[in-house]
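The values are calculated or read from the model by the stated rules, or taken from the named source; none is laboratory data. Given the structure is predicted, the values throughout are model-derived calculations rather than measurements. Cβ: placed from backbone, ideal geometry, glycine included. Neighbour counts: every protein chain shown. Each accessible area value is taken on the protein alone, full model and side chains, heavy atoms only, with ligands, DNA and RNA left out. Shrake-Rupley method; radii C 1.70, N 1.55, O 1.52, S 1.80 Å.
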Amino acid sequence: MAVWDDVIGQPRIVAELSAAATAADHVVEAHLGPAEAASPRTAGGMTHAWLFTGPPGSGRSIAARAFAAALQCTSPDKKLGAAPGCGFCDGCHTALIGTHADVETVRTDLLSIGVKETRDLVRRASLSPAGGRWQVILMEDADRLTEGAANVLLKAVEEPAPRTVWLLCAPSVEDALPTIRSRCRLLTLRTPSVDAVADVLTRRDGIAPELAAQVSRATQGHIGRARRLATDEQARSRRASVLRLPLRVADIGGCLRAAQELVDAAAEDAKAVAEEVDAKETEELRTALGAAAGAGSRMPRGTAGVMKELADRQKRRATRTQRDTLDLALTDLAAFYRDVLALQMGGTPDRVANVEVLDGIEQIAAASRPEQSLRRIDAVLACREALAANVAPLLAVEAMTLSLRAG
Ligand SMILES: [Zn+2]
């Protein structure tokens, strides 16, 4: 299996990356110096800084990881003319599973990436690759860099060490700070087709074709969400309750109850994540700081600040998990009303994305007009924006459910 097999529905991107990996391989094998290596800035040549963009679910970080693997490929078949990225050799394999010594992945579960972390990263990036090929830094959420952090990164991206490659990922070009994006080679991924996603789920993940088709359609080509829906019962049931919400907002009481439930479900999700990770993380830090095992034991002098820093970080992560879960619910809700609108505009039921709630969609479509559907979609989008702008979740969601009422 080649490293590109997981990059779904992006033949042009794969061709470009594969060509660059081939050029990069030539740099390594021919022991080219920095000046020679930097010169071929043509389409197929190697570039030291890349920006992978594409809507959520388009697989930008998957593409970046595949490229990182291809850069580390040590397959002997390359000597016979095979392109790098075999997927089998030690270089490819460890890069793909995230254990390669020269591939550093930056994945944040916080709302922003700060100056201090970025400085550490820049220091790391300046090291020579242990394996003698490339030092790859893969940053999954480059849109979360603070302005200060982006300035720290800027110089490193502008004048990288000869064997350093930066792979930055962001939802869109606009999300990356202008100074950064002007120094990167840009790749724009598109959302893979529903059929392509269903095909991968069936072929790769062994999911039954019918379920694969249903979840692919429901998530409109978002591979990660589709896979999660297909494999996680709880995710399916949470989604099902979100999709029942439009039928429950007939009166004010119903609106307020639905809002409260939506916010509670998101908070529970954040709590589940916290329970899974926080305790372990805290215990690890305590041990590292020299405390005896066991939660009750005393901490050495002078470590309170570090412990507090961790607690703050965990709190910020909980906030983000809750926000992400809510955002997902709102995405589902907007898709529901888009289905309603499509029926109202003369679309046929076989075009509906959320087939599992077709009766609800038909019911609302019959009871309202297209203008109302448009207003409702706007209300959902306004709620997403309000949450992104830090409005208290319950307040924002209540305002939304109230505007979803009939009339
Ligand atoms: Zn390989």
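Multiplying the residue separation of residue 256 and residue 355 by 0.36 nm and subtracting their alpha-carbon distance yields 33.0 nm. Overall, the accessible surface of the chain at a probe of 1.4 angstrom is composed of carbon and sulfur to the extent of 56 percent.
In a fully extended conformation the segment linking residue 275 and residue 90 would gain 63.1 nm over its present Cα-Cα distance, using 0.36 nm per residue.
Subtracting the Cα-Cα distance of residue 185 and residue 367 from their residue separation scaled by 0.36 nm leaves 60.5 nm. Relative to the longest principal axis of the Cα atoms of the chain, the long axis of helix 115-125 lies at roughly 40 degrees.
Once the Cβ-Cβ distance of residue 394 and residue 26 is raised to the sixth power relative to R0 = 45 Å, the FRET efficiency obtained is 0.20. Working from label points 7 Å from Cα in the Cα-to-Cβ sense, the residue 97 to residue 127 distance is 2.1 nm.
Among the lysines of the chain, pairs at least eight places apart or on separate chains and with Cα atoms under 18 Å apart come to 6.
Helix 209-218 and the longest principal axis of the Cα set of the chain meet at an angle near 80°. A simple rule links phi to the HN-Hα coupling: the Karplus curve 6.51 cos²θ - 1.76 cosθ + 1.60 with θ = phi - 60°, which for the stretch 346-355 gives x, x, 9, x, 6, 8, 5, 6, 9, 4 Hz, with x for Gly and Pro.
Coupling constants for the stretch 371-382 follow from the phi torsions by the Karplus curve (6.51 cos²θ - 1.76 cosθ + 1.60, θ = phi - 60°), and in residue order they are 4, 5, 4, 4, 4, 5, 4, 4, 5, 5, 5, 4 Hz; glycine and proline get x.
Between residue 172 and residue 299, what FRET efficiency follows from the Cβ-Cβ distance if R0 is 45 Å, with the result rounded to 0.05? Efficiency for this residue pair is about 0.55.
Each residue of the stretch 93-105 was assigned a 3J(HN,Hα) from its phi angle through the Karplus expression (A = 6.51, B = -1.76, C = 1.60, θ = phi - 60°), giving 4, 5, 5, 5, 8, x, 10, 5, 5, 10, 10, 9, 9 Hz with x at Gly and Pro. Here each label is just a point 7 Å from Cα along the line to Cβ, and for residue 204 and residue 241 those points are 3.1 nm apart.
Here the Gaussian network model covers the chain, with springs between Cα atoms less than 10 Å apart; of 302, 132, 85, 302 fluctuates the most. Using C-alpha pairs below 8 Å separated by at least 6 residues, the relative contact order for the chain is 15 percent. Placing unit charges on the Cβ atoms of the charged side chains and taking the dipole of the chain about its Cα centre, the candidate lying farthest along the positive direction among 220, 98, 182 is 182. Averaged per residue, the chain has 49 square angstrom of accessible surface, using a 1.4 angstrom probe with ligands and nucleic acids left out. Rounded to the nearest 500, the 222 nm mean residue ellipticity of the chain from helices alone is -18500 deg cm²/dmol, with -39,500 (n - 2.57) taken per DSSP H run of at least 4 residues.
On the basis of the beta-carbon distance and an R0 of 30 Å, residue 74 and residue 231 show a calculated FRET efficiency of 0.35.
Our analysis of the chain gives Rg over Rh at 1.01, with the two radii drawn from alpha carbon positions and Rh computed by the Kirkwood formula. Between residue 185 and 49, 50, 51, the built amide H atoms are under 5 Å apart, and every one of these is 5 or more places off in sequence or on another chain.
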